[in-house]
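Single-structure report; data block below.
The values are calculated or read from the model by the stated rules, or taken from the named source; none is laboratory data. Quick caveat, the model's predicted, so the values are computed rather than measured. Reconstructed Cβ throughout: ideal geometry from the backbone, glycine too, with neighbour counts over all protein chains shown. For the accessible areas, the whole protein counts, side chains as well, though only heavy atoms, and no ligand, DNA or RNA atoms are used. Shrake-Rupley method; radii C 1.70, N 1.55, O 1.52, S 1.80 Å.
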Amino acid sequence: DQQVKQNSPSLSVQEGRISILNCDYTNSMFDYFLWYKKYPAEGPTFLISISSIKDKNEDGRFTVFLNKSAKHLSLHIVPSQPGDSAVYFCAASAREGAQKLVFGQGTRLTINP
Amino acid sequence: ETGVTQSPTHLIKTRGQQVTLRCSSQSGHNTVSWYQQALGQGPQFIFQYYREEENGRGNFPPRFSGLQFPNYSSELNVNALELDDSALYLCASSSQSQGLDGYTFGSGTRLTVV
């Protein structure tokens, strides 16, 4: 039962353009969402998060949008840079109980010069 | 401030054997979580330790067990290894005060079971 889904295994974007990564979830108990970036041979690193009481959170070039009614969130990166090439994971958590993250399968983003 | 360190980085084991993976948490963090990342998948929650007690467990069989020590470092033990246990094992440390944004992952241990 995949509670968090990233339906695009890969995405290729030209440098300077906008990258949009999508994530869907099924569990209505999730109330906190995070995006992580992962390079090969490294652990995931935190990028940006959003609480379910908000619909947008922005940090520099990164913006996360949350549509609770559609159970959908997206990460926008603008402008995209070559160093953004990595695997991006969406993760969700329900505040009750352990600090447990449920991850999507990941999307490999490639930024082309 | 040191990050999360995991050892070993790689190892190869034979089916049926037992393995112990180690994790040193980031300074100031009192909670350790373990995740299994199979090839092409996202990390899956195995369990979490807080103040040396198990504080939540995912859908993993009892042959996956763990420990947390007074210095907040942790071990993941897997008995009776199966081929499907081949994966990247990630440790993450956090503190209750920092919340989920403070979750910090190590680089992982790549386990191959043959």
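A quick yes/no check of all residues on (1) within 17 Å of A:Phe89 (Cβ to Cβ); (2) in contact with a strand residue (DSSP E or B) (Cβ under 6 Å, 6 or more places away or on another chain):
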residue	(1), (2)
A:Val13	no, yes
A:Asp24	yes, yes
A:Asp31	no, no
A:Phe62	yes, yes
A:Lys68	no, no
A:His76	yes, yes
A:Pro79	no, no
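Of all residues being aliphatic (A, V, I, L, M) and surrounded by fewer than 13 Cβ atoms within 10 Å (Cβ to Cβ) in region A:30-76, which is nearest to the other protein chains (Cβ to nearest Cβ)? Just the residue, please. Before the answer, list the steps.
Going through region A:30-76, the residues aliphatic (A, V, I, L, M) turn out to be A:34, A:41, A:47-48, A:50, A:53, A:64, A:66, A:70, A:73, A:75.
Okay, now just the ones that are also surrounded by fewer than 13 Cβ atoms within 10 Å (Cβ to Cβ), so A:41, A:53, A:70.
Working: A:Ala41: 6, A:Ile53: 14, A:Ala70: 21 Å.
Ranking the qualifying residues of region A:30-76, first place goes to A:Ala41.
Could you list, in sequence order, all residues of region A:38-56 that are under 12 Å from the mean Cα position of the chain (by Cα) and assigned to a strand (DSSP E or B)?
First, the residues of region A:38-56 that are under 12 Å from the mean Cα position of the chain (by Cα): A:38, A:44-50.
A:Lys38, A:Thr45, A:Phe46, A:Leu47, A:Ile48, A:Ser49, A:Ile50 - these are the residues of region A:38-56 that are under 12 Å from the mean Cα position of the chain (by Cα) and assigned to a strand (DSSP E or B).
Which of the numbered conditions does B:Gly3 fail, given that it passes all the others? Conditions: (1) surrounded by fewer than 13 Cβ atoms within 10 Å (Cβ to Cβ); (2) within 19 Å of A:Gly43 (Cβ to Cβ); (3) small (Gly, Ala, Ser).
(1)
Please verify whether region B:10-18 includes one or more residues that are surrounded by 13 or more Cβ atoms within 10 Å (Cβ to Cβ) and within 12 Å of the chain's Cα centre (by Cα).
no
Counting just the residues of region B:28-67 that are part of a loop (DSSP other than H, G, I, E, B) and among the hydrophobic types (A, V, I, L, M, F, W, C), which one comes out modelled with the lowest pLDDT? Lay out the reasoning, then the answer.
From region B:28-67, those part of a loop (DSSP other than H, G, I, E, B) are B:28-30, B:38-43, B:51-52, B:58-63; that's our starting set.
Now restrict to residues that are among the hydrophobic types (A, V, I, L, M, F, W, C): B:38-39, B:60.
Working: B:Ala38: 95, B:Leu39: 92, B:Phe60: 97.
The qualifying residue modelled with the lowest pLDDT is B:Leu39.
Looking at region A:77-113 only, could you name the residues that are in a strand (DSSP E or B), aliphatic (A, V, I, L, M) and closer than 23 Å to B:Leu100 by Cα?
Going through region A:77-113, the residues in a strand (DSSP E or B) turn out to be A:77, A:86-93, A:102-103, A:107-112.
Now narrow it down to the ones that are aliphatic (A, V, I, L, M): A:77, A:86-87, A:91-92, A:102, A:109, A:111.
Selection gives A:Ile77, A:Ala86, A:Val87, A:Ala91, A:Ala92, A:Val102.
Which condition number in (1) without any contact (Cβ under 8 Å) to a residue 40 or more places away in the chain; (2) within 10 Å of chain A (Cβ to nearest Cβ); (3) surrounded by 17 or more Cβ atoms within 10 Å (Cβ to Cβ); (4) not basic (Lys, Arg) is the one that B:Glu54 fails?
For B:Glu54, the exception is condition (3).
Spot the failing condition for B:Leu76; the list is (1) in a strand (DSSP E or B); (2) over 29 Å from A:Lys37 (Cβ atoms); (3) of a type outside the set (D, E, K, R), and only one is missed.
(2)
Any chance region A:77-85 includes a residue that's loosely packed, with under 14 Cβ neighbours inside 10 Å and over 20 Å from A:Leu11 (Cα atoms)?
No: zero hits.
Only one of (1) on the phi > 0 side of the Ramachandran plot; (2) surrounded by 14 or more Cβ atoms within 10 Å (Cβ to Cβ); (3) modelled with pLDDT of 95 or more; (4) over 12 Å from the mean Cα position of the chain (by Cα) fails for B:Tyr72. Which number is that?
The single condition B:Tyr72 does not satisfy is (3).
Out of the residues in region B:58-69 that are open to solvent by 40 Å² or more (accessible area, probe 1.4 Å) and within 18 Å of B:Val4 (Cα to Cα), state the one that is nearest to the other protein chains (Cβ to nearest Cβ).
Here the answer is B:Leu67.
Across region B:81-114, which residue is nearest to A:Ser93 (Cα to Cα) among those that are facing another protein chain (nearest Cβ under 10 Å) and either in a helix (DSSP H, G or I) or of a type in the set (Phe, Trp, Tyr) (or both)? Spell out the reasoning first.
Going residue by residue through region B:81-114, those that are facing another protein chain (nearest Cβ under 10 Å) are B:88, B:90-92, B:94-96, B:98-108, B:110.
Filter again for either in a helix (DSSP H, G or I) or of a type in the set (Phe, Trp, Tyr) (or both), leaving B:100-103, B:105.
Working: B:Leu100: 9, B:Asp101: 11, B:Gly102: 14, B:Tyr103: 12, B:Phe105: 16 Å.
Across region B:81-114, the extreme among qualifying residues is B:Leu100.
Among A:Asn27, A:Asn22, A:Asn67, A:Asn112, which is closer than 30 Å to B:Gln6 by Cβ and out of contact with any helix residue (DSSP H, G or I) (no Cβ under 8 Å at 6 or more places or on another chain)? Quick ask: steps written out before the conclusion?
Details: A:Asn22 fails: closer than 30 Å to B:Gln6 by Cβ; A:Asn67 fails: closer than 30 Å to B:Gln6 by Cβ; A:Asn112 fails: closer than 30 Å to B:Gln6 by Cβ.
Residue meeting the stated conditions: A:Asn27.
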